[in-house]
1. Under 5 Å between amide hydrogens, which residues at least 5 positions from L78 or on another chain qualify, with H placed 1.01 Å from N in the peptide plane?
2. Give K26/K144; K15/K129; K26/K121; K15/K121; K42/K129 a once-over and call out the pairs whose C-alpha atoms are over 26 Å from each other.
3. Compute the length gained on full extension between S134 and K102: take 0.36 nm times their separation in residues and subtract their Cα-Cα distance, giving the result in nm to one decimal.
4. For the range 21-113, which trypsin sites (Lys or Arg not before Pro) pass both filters: DSSP loop (anything but H, G, I, E, B) and at most 14 other C-beta atoms within 10 Å?
5. Full extension from N161 to Y11: what is 0.36 nm times the residue separation minus their Cα-Cα distance, to one decimal in nm?
6. Residues with amide H under 5 Å of R35's amide H, sequence separation 5 or more or different chain, H placed in the peptide plane at 1.01 Å from N; which?
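We did not get these values from a lab; they are worked out from the coordinates using the rules stated. Only a predicted model underlies this, so the values are computations on that prediction, with no experimental measurement involved. Every residue, glycine as well, gets a Cβ built from its backbone with ideal geometry; the counts of neighbours run over all protein chains shown.
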Amino acid sequence: MEIIIANESHYKYAKTISDTITESAKVRGTGIAQRTPEYITKRLQNGNAVIALDGDTFAGFCYIEVWGNKNFVANSGLIVHPDYRNQGLAKKIKKAIFELSKEKFPDAKIFGITTGLAVMKMNYELGYKPVTFSELTDDPEFWKGCQTCKNFDILTRTERNMCLCTGMLYDPDGQKPESKKLNGKAFKRLKSIKETLFLKKKSK
């Protein structure tokens, strides 16, 4: 298994990556914005993505998005093909894209939003902290990316202050805690509270 910086030679995987993201969104039912093959192709052009390959077979992917005049970067689109899940690959990809982000954009704050408990735990171990959405980029183009998520109405209803996703931020100028494990109960409880709050309102 290789995890490498993606480039133009990987255009052939764009549709597979897009389809994998779409299918994962259907299975999970929340928190995954869909991405077209054309959108993925653009992310393969500038060395701001990593791809995992088992020989010539696609296994996983994640890319960097740059916002706010390079003051913020997001590690987005983390996906592992179903054939390669439950092998620790997501964590390796996440670490690779995080290190690439720090190397290419050393002064930028790295952030992400997710409903996935596993991703929250991975972020925490890398030094991210849970934050309010107001501490993330205010670039409207980033938030437009949420339009294909089924919970976009929650984001707009709260005037982009909160959603079922949790915002997490790594600040290179802030305190850098050592990598550590986190009891997942805290994030599970947070997710449960959000689902109860927002989904009950939606059903009224």
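1. Y63
2. Details: K26/K144 20 Å; K15/K129 33 Å; K26/K121 22 Å; K15/K121 29 Å; K42/K129 29 Å.
Table pairs above 26 Å Cα-Cα are K15/K129; K15/K121; K42/K129.
3. Working: separation 32, 0.36 × 32 = 11.52 nm, distance 2.22 nm.
Answer, rounded to one decimal: 9.3 nm.
4. Working: sites: K26, R28, R35, K42, R43, K70, R85, K91, K92, K94, K95, K102, K104, K109; in loops: R35, K70, R85.
Those satisfying the criteria are K70, R85.
5. Values: separation 150, 0.36 × 150 = 54.00 nm, distance 3.58 nm.
Residue separation times 0.36 nm, minus the Cα-Cα distance, leaves 50.4 nm.
6. HN-HN under 5 Å from R35: T22.
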